[in-house]
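Report on the structure given below.
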Amino acid sequence: MAQPPPPAEAAIAIRDLDVIRGDNHVLHGVSLEVPRGKITGLLGPSGCGKSTLMRSIVGVQIVAGGEIEVLGVAAGAPELRPRVGYVTQAPSVYGDLSVAENLRYFGALFGVGEERIAATVETVGLGGLEGRIAGTLSGGQRSRGSLATALLNEPEALILDEPTVGLDPVLRAELWSTFDRLAGGGVTLLVSSHVMDEASECDELLLMRDGALLRQTTPEALRTETGEQDLGKAFLAIIEASEREA
Amino acid sequence: MSARATFATARRVLWQIRRDPRTIALLLIVPAGLLVLLYFIFDGQEATFQKIGAPLCGLFPFIVMFLITSIAMLRERTTGTLERLMTMPLGKADVLFGYGIGFGLLAALQAVVICSVGFVALGLDSPHGAWLVGLLAIGNATLGMALGLLASAFARTEFQAVQFMPAFIFPQLLLCGLFVARDSMAPALEGASYALPLTYAYDALARATEPGPLGGGFTADVLVVVGVTIAALGLGALTLRRRTT
């Protein structure tokens, strides 16, 4: 990467985001930028606020303060709904409908036809399983079904909350190459994971811990900064450094 | 709100029900079966069966729709599908009316079955026409749906949602005048019955299944039921929040 994109180019720009849930200050003062047309990994341990941050970006989280701009518009604006795809961590498909019926329903909301549905089924590798009731699918298959509903209308940005959890290594690799292909076509992806070895698949990294952003970096820059080739160890080094500062 | 999203939602809730034949059986057979049971309980007491059975034809759809809507909407809330829908190009009204149309069709089917059994097979009288009872049944089903939708916001689990039946529906059934005339209840209870929507639903059905003119009271009853339905749908819409904590 020659130079960082100017702020106006960012697909997602967040300034001083605060989220409070009951007595729990989930996010404090998070500021970050997600570049367009790239895969940005949101990494951090379980419970560090990744899902809350993603919910804030898609506009379903009540926030206590700060600004979030998505594709140039305030997060949650109705015009963003067809432009931003969101996949929750728990697969949110109707367990009592078949894969095809789920996709036909969500497709109808977007005005998407059968051809596109068939193409999406292939993209997520569920070909041949269209007739299966979603509730009888394996966990990995169900989460790919959930992913498919977000890909149906080819949104400009995809917010994916731990999409590779519970997938075997082959499927995981396939999914990452799908993400690569989407990013190559100009789609912005924000992908969360608590598994650090997925960081190497990303163009950009957001490292989170305890509701705060530790670093916005890239895999290469993280390796250079810490002198660790293993990104997991590099993340640990960053955490230790931040604790020494505190 | 868009017609496309509304009808897609209606179709989807019907698809879900279709996948569940036992629920369909419960919806269509159980109310009629209970009516048959009542017929034999009041063996030879035609007047009593008429007094209780005829209005009940129009009340069953209320009860059933309350139950299935509160559970179905609770599932949407707890499985994450509602949150997901709220990030999609779909209005709250599309969800509400989608459920209304989908389950309303089911309610109509249920009303046809129970009214056929009651007014044709079991010989109940319908001095103003069985169709009027059927229409009231569909209206009451819509009321049940609207209240069920609202109730789903106050339950976290399906166990809790089911408890709304004894907590919320049974008292209304006891106080609506179906089993005991309201003016012979303790005055406090009679007063309380005026605040409960099922009282008006029952009163309209009682008037529609008794001989004599329907009167202005019937119109007032119907207006109250329609008004409460609209209010409950409005409150229900408030509980379908795009942003949550």
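Here, each number is a calculation from the coordinates, and none is a lab measurement. Predicted model, so just to flag it, every value in this text is computed and none were measured. Note that we place each Cβ from the backbone using ideal geometry, even for glycine, and neighbour counts take in every protein chain shown.
Which value, in debye to the nearest 20, describes the size of the charge dipole of region B:1-156 about its Cα centre when Lys and Arg Cβ atoms bear +1, Asp and Glu Cβ atoms bear -1, and nothing else is charged?
Working: 12 positive and 7 negative charges, 153 e Å.
So the dipole magnitude of region B:1-156 works out to roughly 740 debye.
Prolate is the label for region B:1-91. Its Cα gyration tensor axes, ordered a ≥ b ≥ c, give a/c of at least 1.5 and a/b above b/c.
The H on the amide N of A:Gly29, modeled in the peptide plane, is under 5 Å from the matching H of A:Leu17, A:Asp18, A:Val19, each at least 5 residues off or on a different chain.
Annotation for region B:64-105 versus region A:188-246: alpha-carbon center distance of 40 Å. Relative to the dominant Cα principal axis of chain A, helix A:139-151 is inclined by about 90°.
What are the semi-axes of the equivalent ellipsoid for region A:1-156, taken as the square roots of 5 times the Cα gyration tensor eigenvalues, largest first, in whole Å? Please list the in-between numbers first.
Values: eigenvalues 188, 70, 41 Å².
Semi-axes (√(5λ), whole Å): 31, 19, 14.
Which ordering of A:Asp180, B:Asp183 is given by a fewest-first count of other beta-carbon atoms within 10 Å? Intermediate values should be presented prior to the final figure.
Values: A:Asp180 14, B:Asp183 9.
Final ranking by Cβ density, sparse to dense: B:Asp183, A:Asp180.
The long axis of helix A:114-123 is offset from the longest Cα principal axis of chain A by roughly 50 degrees. With Rh defined as the Kirkwood radius, the inverse of the mean 1/r over Cα pairs, the Rg/Rh of the protein assembly as shown is 1.09.
Calculate the mean, over all residues of peptide B:74-87, of how many other protein chain Cβ atoms lie within 10 angstrom of the residue's Cβ. Intermediate results must be reported in sequence, preceding the final value.
Details: counts 0, 3, 2, 0, 1, 7, 8, 11, 2, 8, 13, 5, 6, 14.
The mean count of partner-chain Cβ atoms within 10 Å per residue comes to 6.
Once you have a ≥ b ≥ c as the square roots of the Cα gyration tensor eigenvalues for chain B, tell me rounded if a/c is under 1.5, and otherwise prolate or oblate according to whether a/b is larger than b/c. It comes out prolate by the Cα gyration axes. Looking at the protein assembly as shown, the DSSP beta bridges with both ends there are about 55 percent antiparallel. Can you give the % of DSSP beta bridges in region A:155-246 that are antiparallel, to the nearest 5? The antiparallel fraction comes to roughly 55 percent.
Over all directions, how big on average is the projection of the convex hull of the alpha-carbon atoms in region A:94-154, in square nanometres? Walk me through the numbers on the way to the answer.
Working: hull surface 13.5 nm².
Computed as one quarter of the Cα hull surface, the answer is 3.4 nm².
Indicate the gyration tensor shape class of region A:108-246 (rounded, prolate or oblate), computed on the Cα atoms with a ≥ b ≥ c the square roots of the eigenvalues: a/c under 1.5 is rounded; otherwise a/b larger than b/c is prolate and the rest oblate. Intermediate results must be reported in sequence, preceding the final value.
Numbers: a/c = 2.56, a/b = 2.18, b/c = 1.17.
Because a/c hits 1.5 or more and a/b exceeds b/c, region A:108-246 counts as prolate.
For chain B, the longest principal axis of the alpha carbon atoms and the long axis of helix B:3-18 meet at an angle near 70°.
Under the simplified labelling scheme, the B:Val180-B:Leu238 pair shows an inter-label distance of 3.4 nm, with each label point 7 Å from Cα along Cα→Cβ.
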